[in-house]
Amino acid sequence: MPMYQKKPVIIEAMKVEKGYPISQTFMKAIQNGTIKKYAAGETGEFFYYEIKTLEGTMQASLGDYIICGVKGEFYPCKPDIFEMTYEQV
């Protein structure tokens with residue numbers, strides 16, 4: 001059976017954590033409702049993001065990454081998978 005290697009692709013990603021900068025790409029997705037930020041409790045403490053993906057609505061919690069794919073789609077990724085798959089450029 002033939003083997004395949006993933007092509008090198010540069011993506012934009014945002015780590016879900018307090019104080020992490022939000023780029024214009026992610027800010028636009030939040031403003032248009034593709035990504036929604038949810039808070040809980042009286043203090044409005046961050047709880048999670050809800051992301052409209054090609055496969056349906058998914059959640060990203062603290063420590064997860066939200067990736068903007070090559071076609072502008074968004075999806076969450078757990079930190080262990082992200083760190084095995086991507087490196088900073």
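Number of residues in the range 72-89 that are open to solvent by 70 Å² or more (accessible area, probe 1.4 Å) and either on the phi > 0 side of the Ramachandran plot or over 14 Å from the mean Cα position of the chain (by Cα) (or both) equals 4.
Note on the range 53-67: among residues that are β-branched (Val, Ile, Thr) and more than 18 Å from residue 39 (Cβ to Cβ), the one that is least open to solvent (accessible area, probe 1.4 Å) is 67. Residues that are open to solvent by 80 Å² or more (accessible area, probe 1.4 Å) and farther than 14 Å from residue 76 by Cβ within the range 2-18 comprise 2, 3, 4, 5, 6, 7, 8, 10, 18, listed in sequence order. Scanning the range 69-89 for residues that are assigned to a helix (DSSP H, G or I) and either touching a Pro at 6+ places or on another chain (Cβ under 8 Å) or under 15 Å from residue 17 (Cβ atoms) (or both) yields 79, 82, 83. Once the range 19-42 is narrowed to residues that are under 14 Å from the mean Cα position of the chain (by Cα) and open to solvent by 100 Å² or more (accessible area, probe 1.4 Å), the residue that is nearest to residue 76 (Cα to Cα) is 37.
A single entry from 52, 36 fulfils the requirement of being in contact with an Asp or Glu (Cβ under 6 Å, 6 or more places away or on another chain) and charged (D, E, K, R): 36. The set of residues from the range 1-19 being in a loop (DSSP other than H, G, I, E, B) and of a type in the set (D, E, K, R) comprises 6, 7, 17, 18.
So that you can scan it fast, the table gives a plain yes or no per residue for (1) in a helix (DSSP H, G or I); (2) of a type in the set (Asp, Glu); (3) closer than 23 Å to residue 81 by Cα:
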{"site": "21", "(1), (2), (3)": "no, no, yes"}
{"site": "27", "(1), (2), (3)": "yes, no, no"}
{"site": "30", "(1), (2), (3)": "yes, no, no"}
{"site": "38", "(1), (2), (3)": "no, no, no"}
{"site": "49", "(1), (2), (3)": "no, no, yes"}
{"site": "57", "(1), (2), (3)": "no, no, yes"}
{"site": "67", "(1), (2), (3)": "no, no, yes"}
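The values are calculated or read from the model by the stated rules, or taken from the named source; none is laboratory data. Small disclaimer: the values here were computed from a predicted structure and weren't measured. With ideal geometry, Cβ positions are generated from the backbone for all residues, glycine too; neighbour counts draw on all protein chains shown. Side chains are part of the model used for accessible areas, which takes the heavy atoms of the whole protein and leaves out ligands, DNA and RNA. Shrake-Rupley method; radii C 1.70, N 1.55, O 1.52, S 1.80 Å.
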